[in-house]
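Written below as structure tokens is the structure these notes are about.
The values are calculated or read from the model by the stated rules, or taken from the named source; none is laboratory data. This one's a predicted model, so the numbers in the text were calculated from it and none came from an experiment. Backbone-built Cβ (ideal geometry, glycine too); neighbour counts: all protein chains shown.
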Amino acid sequence: MLATRALQSLGLIPVAYLFVCLLGASFGEPFSLRLPDIAAPDGNSLVELLIFTVPGQLLFMLPGIFCKNRRWLAGLFALCATQVAWLQCLLFADAFGNTWSTTEIAGLLGYNLPWLLLALAPGLALLRVTEPRRQQGT
């Protein structure tokens, strides 16, 4: 079960990637699958994105081991994806403006919630495909 949840937690990576790309498009830039540059001079946007998805992956895997209901599992995945989106907003906020307070970053996440729902599609598809089916038996 742990291996399955670990595989499913990898679905948070495309969710985060697509959310950041859609976030950039909401600021008037044309939609592109290129990540915005981060403020750190020697930083790599893709590596930072991957690092910032790890807390959400762990948060999904640990309680997900005990979750047997598919709906609860999808809800847990969406909750963890929201936490990952929050971290991505913190990471890439400087690419979209000068300074952001915590309240403004929360507003940024809230304003772009429809983009997060759209970005959830590949992750939830991976979750559904990799979830083992229970035997309906006697």
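What pairs come out if I take residues in segment 56-79 that are over 16 Å from LEU2 (Cα atoms) and pair them with residues that are among the aromatic types (Phe, Trp, Tyr) whose C-beta lies under 9 Å away, six or more apart or interchain?
LEU79/PHE60
Using beta carbons and a limit of 8 Å, which pairs, at least six apart or on different chains, have the first residue in segment 123-136 and at pLDDT 80 or above and the second one among the hydroxyl-bearing types (Ser, Thr, Tyr)?
THR130/THR4; GLU131/THR4; PRO132/THR4
Among the residues of segment 18-66, write down those that are of a type in the set (Gly, Ala, Ser) and modelled with pLDDT of 95 or more.
Correct list: GLY56 only.
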